[in-house]
1. Which residues, counting only those in segment 5-30, are over 25 Å from ALA86 (Cβ atoms), open to solvent by 100 Å² or more (accessible area, probe 1.4 Å) and at pLDDT 80 or above?
2. Do we find a residue being within 25 Å of LYS149 (Cα to Cα), open to solvent by 70 Å² or more (accessible area, probe 1.4 Å) and at pLDDT 70 or above anywhere in segment 94-113?
3. Kindly provide the set of residues from segment 117-130 that are modelled with pLDDT of 75 or more, surrounded by 14 or more Cβ atoms within 10 Å (Cβ to Cβ) and within 16 Å of GLU146 (Cβ to Cβ), ordered by number.
4. For a quick check of your reading: which helices (runs of 4 or more DSSP H) sit entirely within segment 1-96 and have at least 3 residues that are farther than 30 Å from TYR167 by Cβ, of a type outside the set (D, E, K, R) and out of contact with any helix residue (DSSP H, G or I) (no Cβ under 6 Å at 6 or more places or on another chain)?
Amino acid sequence: MLKEYFQLFLLYLTDILYWFKSLYKGLKNLIYYFKVIYKDRHSDFLYIYKLELYKIQGMLKYYKNLNKNPNLKYSNESIIRDLLLAEYLLKMLTGDPSNNVDYYVMQGYKFIKFNKYVNFRNASRFISKRAHQYYMKTKNDALLHEANKMYLYKTKCLYLYNKLKSYKSYTWDV
């Protein structure tokens with residue numbers, strides 16, 4: 001009889017702990033989303049990307065913790081890999097571009113050099129032909145070429161993120 005009472009107590013204890021954990025998560029979400037709603041301006045794409053980044057980081061944390069379960073019959077490695085890629089792409093879209101830029105000074109002027117490789121040969125898939133021709137003409141102008149590289153890199157990141165999201169979103173449902 002004592003054993004049955006103890007099992008019943010453990011059952012209620014897990015329910016109470018689950019309720020407190022749920023209350024904590026709910027309050028945490030309320031605090032976070034109050035700031036989100038306050039900053040909403042209905043026209044800022046960067047704002048939407050930052051919100052998506054926050055949600056993807058939460059999903060990534062969930063799947064990484066789920067993967068630690070020894071009783072799991074399947075692996076979430078492919079989902080985690082895709083979420084890590086999406087997180088990287090969103091950080092590139094929302095982050096400060098100065099992280100990818102080297103500054104140097106020549107004859108008193110400050111110049112930039114974008115330190116990521118960008119393939120210009122397939123640029124016509126991401127931008128119009130006219131803009132692609134303009135980019136090819138600016139190869140000799142170092143300052144314009146570096147600015148064009150940054151723009152094309154962000155455009156490619158956005159394209160890849162949208163393609164990844166459209167193909168993989170059904171497996172990311174939590």
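1. Those that are over 25 Å from ALA86 (Cβ atoms), open to solvent by 100 Å² or more (accessible area, probe 1.4 Å) and at pLDDT 80 or above: LEU17, TYR18, TRP19, PHE20, LYS21, TYR24, LEU30.
2. No: segment 94-113 contains no residue that is within 25 Å of LYS149 (Cα to Cα), open to solvent by 70 Å² or more (accessible area, probe 1.4 Å) and at pLDDT 70 or above.
3. VAL118
4. Per the criteria, 2-39.
The values are calculated or read from the model by the stated rules, or taken from the named source; none is laboratory data. All values reported here derive from a predicted model rather than from experimental measurement. We place every Cβ from the backbone using ideal geometry, glycine too, and count neighbours over all the protein chains shown. Remember, those area values only see protein heavy atoms, side chains included, never the ligands or the DNA or RNA. Shrake-Rupley method; radii C 1.70, N 1.55, O 1.52, S 1.80 Å.
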